[in-house]
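Asker: Just dropping this structure here.
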Amino acid sequence: MSIVIAIKRKNEIVIGADTQNSFGSMKLTAKHIVNCSKIISLKNSTYMGFAGWNAPIQAFSHLLLKKQKNKNRFDFSTQENIFESLLKIQPILTKEYFISDDESGNVPADSNQINAIIVNKNGIFEIDTLREVTEFRDYWAIGSGQEYALGVIYALYNSDMPLIEIAKKAIEASCEFDDGCSLPEEIYSLEI
């Protein structure tokens, strides 16, 4: 469920997401939910946008934002630092937050059940459930509306359209065609 996108061009990066939550076939839009944001702001102008199940996302967000002892413990500035931080986070998610490492009964390795995009002055990074970290050159999207968003971004990336407008169009297309996504969108921009 969801759409989270990131686009980088010249000296700007944007990250955006829809605001729908889903529970099976039930969808809850921003009209019904007080905190419908899928993007959190971390230190050093780093943003993290999440797609997937709410429980692991809430645990991950709490770990990064609320637990005072963790404020400077994790570093999401580069691909290597993100990977090292995820290795530190995994045992905490399992032991303190009771996030099961078994998504389907046949998971080959411990899963954190997190799929997220991280943006900062160093670029665009995706983390997946098995802690794989991938860096993207220009743009990326995650979530059930991924294909629609990537198609729009691909079509508009080399145009003169501002990145925030491209991000809006990508999220709008995902919300139009994917039942796991709904407007309004949230979009953040940072200079690099």
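Taken together, the values in this text are just the output of simple stated rules run on the coordinates, not laboratory data. All values derive from a computational prediction rather than experimental measurement. Cβ coordinates were reconstructed from backbone atoms using ideal geometry, including for glycine residues, and neighbour counts include every protein chain displayed.
Asker: If you scan the stretch 159-171, which residues turn out to be out of contact with any Lys or Arg (no Cβ under 9 Å at 6 or more places or on another chain) and outside any helix (DSSP H, G or I)? Lay out the reasoning, then the answer.
Answerer: Step one: filter the stretch 159-171 for residues out of contact with any Lys or Arg (no Cβ under 9 Å at 6 or more places or on another chain), giving 159-160, 162, 164-165, 167-171.
Within the stretch 159-171, 159, 160, 162 qualify.
Asker: Same structure, new question: So which residues in the stretch 124-141 are of a type in the set (D, E, K, R), crowded, with 18+ Cβ neighbours inside 10 Å and in contact (Cβ under 8 Å) with a residue 40 or more places away in the chain? I'd like the intermediate steps shown before the answer.
Answerer: Keep residues of the stretch 124-141 that are of a type in the set (D, E, K, R), which gives 126, 128, 131-132, 135, 137-138.
Within this subset, residues satisfying the condition of being crowded, with 18+ Cβ neighbours inside 10 Å are 126, 131.
131 - this is the single residue of the stretch 124-141 that is of a type in the set (D, E, K, R), crowded, with 18+ Cβ neighbours inside 10 Å and in contact (Cβ under 8 Å) with a residue 40 or more places away in the chain.
Asker: Check the stretch 53-67 and report whether any residue there is on the phi > 0 side of the Ramachandran plot and under 16 Å from the mean Cα position of the chain (by Cα).
Answerer: Just the residues of the stretch 53-67 that are on the phi > 0 side of the Ramachandran plot, to begin with: none.
The answer is no; no qualifying residue exists.
Asker: Does the stretch 25-46 hold any residues that are buried (at least 18 other Cβ atoms within 10 Å of the Cβ) and closer than 10 Å to residue 116 by Cβ, and which are they?
Answerer: 38, 39
Asker: Enumerate the pairs (first residue in the stretch 9-31 and free of Cβ contacts under 8 Å to residues at least 12 places away in the same chain; second residue anywhere and part of a strand (DSSP E or B)) with beta-carbon separation below 8 Å, excluding pairs fewer than 6 apart on the same chain, so at least 6 apart or on different chains.
Answerer: 28/21; 28/22
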